[in-house]
Structure formats: structure tokens, C-alpha cells
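Engineer: After the C-alpha cells below, expect a handful of questions from me.
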Amino acid sequence: AFVRGLSLKVLDIIMTEEEKLSDLLGENSDYVKVLDNGRVQCLLSKHEMPNIYAAVSCHLSGKKFLRMKKIEAEKVELKQYEPYIVPSKYNK
């Protein structure tokens, strides 16, 4: 894949850690936010991590996060049937 004549490997080398982190946070803005103290918080698991690309990338590609993301997507998908389907009062 080429972007303006440069391969993605070359772009990877050119991009700084801050640019990578801002792109990653932008892509996952529904799931992470930057706190006032500069740390990054996952909105699904409430996990706080340092504002470092490697730490955030590791969390966003982890098994626990991907499982929680899938469950959240299923909840959103079921919202369209909400008038017809009600949550179980026994399964809490």
C-alpha cells in the first residue's frame, strides 16, 4: 500500500510516537479518553494506562478489551429491538 508515493513501512518509521498515539486515540475515541492527569483511560474496563503508544496499543489489542468491545457492540445492536425485547429480571 502506498500513500503519496511512500510505502506504509516508511511512513511507520517517519511517524513519531506522539503521532501514532494521537492516530490510535482518534480511531478508538469511543473507547478511550485522555484524563486531566495525562493518563489514558479505557471507557469499557476503566483501566488507566500511561500516555505511551506501546501501552495503549497493547491494551487495545488485548483479549479482555476485544471481548468487552464485542459485548458492547452486541448491546448496541440489540437497542433497535428494545421496545420488543426487555432485559431479564433474573439475569443480573
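Engineer: N51's amide H: which non-local residues (gap 5+, or another chain) put their own amide H closer than 5 Å, with H modeled 1.01 Å from N in plane and none for Pro or chain starts?
Structural biologist: V40
Engineer: Now for a separate question. What is the set of long-range amide H partners of V32 at a cut-off below 5 Å, with H atoms built 1.01 Å from backbone N?
Structural biologist: L43
Engineer: Same structure again: Can you pull out the trypsin sites (Lys or Arg not before Pro) in segment 32-88 that DSSP calls coil and that have at most 16 other Cβ atoms within 10 Å? Walk me through the numbers on the way to the answer.
Structural biologist: Working: sites: K33, R39, K46, K63, K64, R67, K69, K70, K75, K79; in loops: R39, K46.
The qualifying sites are R39, K46.
Engineer: Could you give log10 I(q)/I(0) at q = 0.11, 0.19 Å⁻¹ for segment 12-92, computed by the Debye formula over C-alpha point scatterers of equal weight, without solvent?
Structural biologist: -0.40, -0.85
Read-outs throughout are calculated quantities, based only on the coordinates presented, and are distinct from any laboratory measurement. The structure presented is a predicted model; accordingly, all values stated were derived computationally and were not measured. Positions of Cβ are generated from backbone atoms using ideal geometry, with glycine treated the same way; all protein chains shown enter the neighbour counts.
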